[in-house]
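Here the structure comes first, spelled out in structure tokens, and everything after it is commentary.
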Amino acid sequence: MNAKQVAAEKAVSFLDDGMTIGLGTGSTAYWAIEKIAEEMKKRKWRIRAIATSVRSEEHGRSLGIPIYSFADIGTIDVTIDGADEADEKLSLIKGGGGALLREKIVATNSNQLIIVADDSKMVKTLGKFPLPVEVVLFGWERTLEKLRLLGCSPTRRMKESGPYLTDNGNYIVDCAFGEIEDPEATHGRINAITGVVDNGLFINIARRLVVGFENGESRVISR
Ligand code: 5RP
């Protein structure tokens, strides 16, 4: 079985009719969006959704999920999103798909963030996955050098046609730290650099982590 799908479908079992739901971004959150649309039709759920990226917004809309903006919704009950790395304390690295800023805005405005991941995402210490940092275009070269001073190896994210741009029109700098011993301190140091918009460390935000396995089983870690 697809471990990502297993995790996503288990997470959707925590949702209910009438909820306002945050739609995450990435290949695991993809399965949650699919399942939400299926449940909506099967159980006649009346839900409202807000998306963490243009990609997820288009995916949700294509399946008939009603997508709203912050101007039109109140509290977000639950957001289901993926992660690039997660530890047992539910500290995360996110942003591999470039959506970290919208993901963090939606997550921190949700009553509950449920992270969905296959078991390969579980780590003892965060940092093997290069930490995505969203930076503004103006002066990005200097911002990158300041990130390097924090002890990482920073690279501006590229795609075939040129630099990768986020949905917010910013660059992503991927910062290879190897190991992040103190995620909270690292988060603060990075965001204190002028030119940085935000970084992909999510500390004390996720309330539940659903890990999926290829044998079809899942493990739920709650905080
Ligand atoms: C996008 C993200 C994703 O949630 C993260 O990259 C995990 O993606 P996937 O489920 O495809 O492995 O943070 O910005």
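So, in region 73-92, how many residues would count as being within 8 Å of the ligand (Cβ to nearest atom) and either assigned by TED's automatic domain parsing to the domain that holds residue 136 or outside any loop (DSSP other than H, G, I, E, B) (or both)?
Here the count works out to 1.
Of 85, 38, 9, 58, which residue is of a type outside the set (A, V, I, L, M, F, W, C) and touching a residue at least 40 places away in the same chain (Cβ under 8 Å)?
85
From 141, 184, grab the single residue that is surrounded by fewer than 16 Cβ atoms within 10 Å (Cβ to Cβ) and either within 20 Å of residue 83 (Cα to Cα) or at pLDDT below 95 (or both). So that I can check it myself, show each step before the final result.
On the way: 141 fails: either within 20 Å of residue 83 (Cα to Cα) or at pLDDT below 95 (or both).
Sole residue among the options that is surrounded by fewer than 16 Cβ atoms within 10 Å (Cβ to Cβ) and either within 20 Å of residue 83 (Cα to Cα) or at pLDDT below 95 (or both): 184.
Based on what the data block shows, is residue 11 within 11 Å of residue 80 (Cα to Cα) and more than 11 Å from the ligand (Cβ to nearest atom)?
Judged against the criteria, residue 11 is a match.
Kindly provide the set of residues from region 60-82 that are within 19 Å of the chain's Cα centre (by Cα) and not hydroxyl-bearing (Ser, Thr, Tyr), ordered by number.
60, 67, 70, 76, 77, 78, 80, 81, 82
Within the bounds of region 93-113, is there any residue that is of a type in the set (Lys, Arg) and part of a helix (DSSP H, G or I)?
yes
The values are calculated or read from the model by the stated rules, or taken from the named source; none is laboratory data. Since this is a predicted model, take the numbers as computed values, not measurements. Cβ: placed from backbone, ideal geometry, glycine included. Neighbour counts: every protein chain shown.
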